[in-house]
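What follows is a set of notes on a single structure, which appears directly below.
The values are calculated or read from the model by the stated rules, or taken from the named source; none is laboratory data. Keep in mind that what you see is a predicted model, and the values were worked out from it rather than measured. Every residue, glycine as well, gets a Cβ built from its backbone with ideal geometry; the counts of neighbours run over all protein chains shown. The protein model used for the area step is the full one, side chains on, heavy atoms only, and it has no ligands, DNA or RNA in it. Shrake-Rupley method; radii C 1.70, N 1.55, O 1.52, S 1.80 Å.
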Amino acid sequence: TDFDSKRKRKVAEIYQALNSDPIDVAALRRMAISEGGLLTDEIRCKVWPKLLSVNTDDLPPLPAGKELREDNKDYQQVLLDVRRSLRRFPPGMPDDQREGLQEELIDIILHVLKRNPQLHYYQGYHDIVVTFLLVVGDRLATALVEKLSTHHLRDFMDPTMDNTKHILNYLMPIIDRVNPEVHDFMQSAEVGTIFALSWLITWFGHVLSDFRHVVRLYDFFLACHPLMPIYFAAVIVLYREQEVLDCECDMASVHHLLSQIPQDLPYETLISRAGDLFVQFPPSELAREAAQQQAERTAASTFKDFELASVQQRPDTVLRQRFRERLRAEERTKSILTKPRTNRFVKLAVMGLTVALGAAALAVVKSALEWAPKFELQIFP
């Protein structure tokens with residue numbers, strides 16, 4: 001069938017990128033973002049380390065659990081959280097196998113914290129670690145989680161919640177850019193952004209019951225900028241626009257609605273749309289609204305230090321390249337949008353078209369941007 005041949009083609013392209021010398025990390029990012037993500041756990045074991053620049057040839061041996069657990073200030077809390085994590089393991093897994101994995105989970109967490117005393121454990125961290133453990137096994141999971149914790153997750157692992165709150169502050173400006181009506185309704189209801197906290201700090205691992213959806217999102221987030229999960233959170237809220245506007249305009253009702261995440265979301269479409277929004281409204285453009293004085297201390301601003309093998313491999317470069325490719329196609333469709341009065345108006349019109357055309361998630365920057373007029377390029381720093 002068409003689906004099978006497309007899948008085979010994608011698998012071949014992924015292996016081609018893995019086998020090229022040097023490894024084509026930019027191509028691997030594109031594969032992780034585009035429809036279907038990385039397809040299988042076997043492929044994830046090979047690609048996830050490349051997306052995080054982790055060398056799999058010399059993984060350190062894991063220390064014995066006993067010495068890690070003695071005198072560890074976090075041990076009791078980690079133990080409690082891991083014991084409560086039953087539903088994160090595949091249904092039907094034998095008890096002894098699950099208990100063995102839970103022991104490994106505790107050791108991975110304590111190992112990373114011991115090696116990085118600047119990191120502070122938070123509830124929900126285990127939801128991210130268990131995803132890696134189930135996909136790649138304990139040794140590789142330890143190396144990947146350590147890299148992730150010092151980069152993408154660093155803000156959640158500060159002694160205070162300040163930087164986490166700062167990242168949540170990006171949510172409303174994104175919603176405002178796309179749908180001012182939903183934004184104003186949420187502001188009137190004074191709902192705040194705390195409903196999205198568990199989404200953000202667990203990369204949705206805690207709130208989605210189907211493991212396939214969780215790993216698909218991890219493919220996407222690992223290939224992108226650390227702020228992509230907040231764009232994805234915004235896209236979920238925007239997707240539920242009608243439910244939100246039909247809700248009673250008070251904090252309790254709107255919070256209750258939004259904190260119950262639907263399990264049957266059209267993930268590929270939403271991933272595609274989150275990519276669109278990231279390119280149209282990059283974090284640099286929203287930073288002022290998300291409170292400038294905080295911006296210096298977040299992982300988003302230190303992302304430049306995340307040594308990827310070359311400039312070409314920065315995820316925002318990948319997104320931008322794809323954006324420019326789309327712009328060439330735009331010449332043909334230019335007459336569709338005349339130049340309106342304001343940038344905001346254009347952006348809303350562009351997003352309106354994306355929605356009206358029922359854009360499928362064939363590529364992360366496929367839909368809206370084919371329609372974007374030339375002068376939109378100035379949004380890039």
Between the residues 173, 259, 231, the Cα farthest towards the positive end of the dipole of segment 161-281, that dipole coming from +1 and -1 charges on the beta-carbon of Lys, Arg, Asp and Glu, is from 231
Everything considered on the Cα gyration tensor (a ≥ b ≥ c; rounded for a/c under 1.5, else prolate if a/b is larger than b/c, else oblate), segment 217-258 must be described as prolate
Under Stokes-Einstein, segment 49-159 at 25 °C and 0.890 mPa s, with its Kirkwood radius over C-alpha pairs, diffuses with a coefficient in µm²/s of 172
Expressed in angstrom and rounded, the centroid-to-centroid distance over alpha carbons for segment 122-159 and segment 41-94 is 7
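Could you order peptides 217-228, 96-107, 277-288, 257-268 by the average number of other Cβ atoms within 10 Å of their residues, highest first?
Values: 217-228: 24.9, 96-107: 16.8, 277-288: 19.7, 257-268: 14.7.
Going by the mean number of other Cβ atoms within 10 Å, highest first, we get 217-228, 277-288, 96-107, 257-268.
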Heavy-atom accessible area per residue of segment 1-148, all protein chains kept, 1.4 Å probe, expressed in Å², is 50
If each part is reduced to its alpha-carbon centroid, segment 174-210 and segment 229-245 end up apart, in Å, by 6
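Compute the relative contact order of segment 1-147 as a whole-number percentage, counting only Cα pairs closer than 8 Å that sit 6 or more residues apart in sequence.
Values: 101 pairs, mean separation 37.1, N = 147.
That works out to 25 percent.
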By the Kirkwood definition, with r running over pairs of different Cα atoms, segment 6-71 has a hydrodynamic radius in Å of 13.6
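Using a 1.4 angstrom probe on heavy atoms only, work out the carbon and sulfur share of the accessible area of segment 1-154 in %.
On the way: 3830 of 7540 Å².
Roughly 51 percent, rounded to a whole number.
Can you list the equivalent-ellipsoid semi-axes of segment 161-281, largest first and in whole Å, using the square root of 5 times each Cα gyration tensor eigenvalue?
On the way: eigenvalues 91, 49, 41 Å².
Rounded to whole Å, the semi-axes are 21, 16, 14.
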